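To start, the structure itself, in structure tokens.
Just so it is clear, none of the values below were taken in a lab; they were calculated from the coordinates. Small disclaimer: the values here were computed from a predicted structure and weren't measured. Cβ placement follows ideal geometry from the backbone for every residue including glycine, while neighbour counts extend to all protein chains displayed.
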Amino acid sequence: MAISQFTDIISLSNTEISEAIIETENQLFNLRFKQATRQSFKSHKIKNAKRRLAHLKTLLTLRLKDLELKEENDKLITN
């Protein structure tokens, strides 16, 4: 898998981001397992997986914070 750009990830929905986070965590686990058991793998894939995971988690966190702020603003406006 090629390194995805952050702009490509922005177009995903929240559920797709959550699924991608789970998939990337599993991929990272498998890569670390291969490293620990000295199996052959491309070591740069660990770095790429970590970076992708960070991008996905950052975007999901930002979106959830935005939703919370909108809900708080809606409550203030209606009261």
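Data overview
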| read-out | value |
| --- | --- |
| Sum of -39500 (n - 2.57) over DSSP H runs of 4+, divided by residues of the chain (222 nm, nearest 500) | -27500 deg cm²/dmol |
| Low-density loop cleavage sites - chymotrypsin sites (Phe, Trp or Tyr not before Pro) in the stretch 17-79, where at most 16 other Cβ are within 10 Å (DSSP) | 41 |
| Per-residue HN-Hα couplings for the stretch 56-66 [Karplus 6.51, -1.76, 1.60; θ = phi - 60°; Hz; x = Gly/Pro] | 5, 5, 5, 5, 5, 4, 4, 5, 5, 5, 4 |
| Contact order relative to length of the stretch 7-78, as percent, for alpha carbon pairs under 8 angstrom and 6 or more apart | 37 |
| Rounded FRET efficiency, nearest 0.05, which uses the C-beta distance separating residue 75 from residue 23 and R0 of 35 Å | 0.50 |
| Cα-based Kirkwood hydrodynamic radius, the stretch 7-78, one decimal, Å | 14.1 |
| Set of lysines near residue 47 by C-alpha distance (under 23 Å), chain-local residues within fewer than 8 positions excluded | 34, 57 |
| Net length gained if the chain between residue 40 and residue 65 were fully extended (0.36 nm per residue, minus Cα distance) | 4.9 nm |
| GNM top mover of 53, 62, 31 - the chain, alpha-carbon springs below 10 Å | 62 |
| Note, ³J(HN,Hα) from phi for the stretch 8-23, Karplus 6.51, -1.76, 1.60, rounded to Hz, x at Gly and Pro | 6, 6, 4, 6, 7, 7, 4, 5, 5, 5, 4, 5, 5, 4, 4, 4 |
